[in-house]
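Peer 1: The structure is given below, and queries will be raised subsequently.
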Amino acid sequence: MANLADEYGTDVEIYIKALTTTIHADTPTGAPARLHDLLEQHGLERHEYPTGGPIYIWHTMPEHLGADEQKRLATRAIPALLLAGYEVNCTPDVFDEAAYRQAVRDIRARAARPAARHPAPASSPSRPAPSRHTP
């Protein structure tokens, strides 16, 4: 079985498998579980094939999705993979520029939200000063 991530020395190779319409995401032999988990968190389905040596693992887009939605899903995973420090290659026939830009905006918005969620500590409530009445 060909593993493009091993062949090209990348962490993830996203492409349409030859003679099919299936979008694959290959990871290198012995890739960390964290990488596989990240792909699965972004909607890719994990597949395994035992060999005489290490287990061959790859991911695909869910088949129940249409071709355009599969491309968007694959592309939306790329910014998160890059942010996690992985080297990713995606073929032009899969890459969806609009989906990529939206995924980047979503990541930026999530990164900005925690600051908004942690307001400065409130000062302890104090009693209002008694009103002064002048005679």
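Peer 1: What percent does the relative contact order of segment 1-124 come to when contacts are Cα pairs within less than 8 Å and at least six residues apart?
Peer 2: Relative contact order here is 24 percent.
Peer 1: Continuing with this model, one more query. Using only Cα atoms, locate the centre of segment 66-103 and the centre of segment 31-50, then give the distance between them in Å, rounded to an integer.
Peer 2: A separation of 15 Å, based on Cα centres.
Peer 1: Report the calculated FRET efficiency for Thr20 and Leu82 (r = Cβ-Cβ distance, R0 = 30 Å), to the nearest 0.05. Mind showing how you got there, number by number?
Peer 2: Details: r = 26 Å, r/R0 = 0.88.
It comes to 0.70.
Peer 1: Using only the alpha carbons of segment 1-62, determine the length spanned along each of the three principal axes and report them from longest to shortest in whole angstroms.
Peer 2: Computed over the Cα atoms, the extents are 29, 26, 21 Å.
Peer 1: List, in order, the whole-Hz ³J(HN,Hα) value for each residue of segment 5-11 obtained from phi through the Karplus relation with A = 6.51, B = -1.76, C = 1.60 and θ = phi - 60°; use x for Gly and Pro.
Peer 2: 5, 5, 4, 9, x, 9, 8
Peer 1: Keeping all protein chains in place and using 1.4 angstrom, which order do Lys71, Lys17 fall into by accessible surface area, from largest down?
Peer 2: I get Lys17, Lys71, largest accessible area first.
Peer 1: Same structure again: HN-Hα J couplings of segment 28-41 from phi, Karplus 6.51/-1.76/1.60, θ = phi - 60°, integer Hz, Gly and Pro as x?
Peer 2: x, 4, x, 4, x, 4, 4, 5, 4, 4, 5, 4, 5, 4
Peer 1: May I pose another question? Label 7 Å along Cα→Cβ of Asn3; segment 87-102 residues with amide nitrogen under 18 Å?
Peer 2: Within reach of a label on Asn3, which here means backbone N under 18 Å from a point 7 Å along Cα→Cβ, segment 87-102 contributes 87-89.
Peer 1: Something else: Beta carbons within 10 angstrom, averaged per residue: use that to sort the peptides 24-32, 59-67, highest first.
Peer 2: 24-32, 59-67
Peer 1: Based on the mean of other Cβ atoms within 10 Å per residue, sort peptides 96-105, 76-85 so the most packed one is first.
Peer 2: Those peptides, ordered most packed to least, come out 76-85, 96-105.
The values are calculated or read from the model by the stated rules, or taken from the named source; none is laboratory data. This is a predicted model, so every value here is computed, not measured. Positions of Cβ are generated from backbone atoms using ideal geometry, with glycine treated the same way; all protein chains shown enter the neighbour counts. When the accessible area is computed, the model is the full protein with side chains, heavy atoms only, and any ligands, DNA or RNA have been set aside. Shrake-Rupley method; radii C 1.70, N 1.55, O 1.52, S 1.80 Å.
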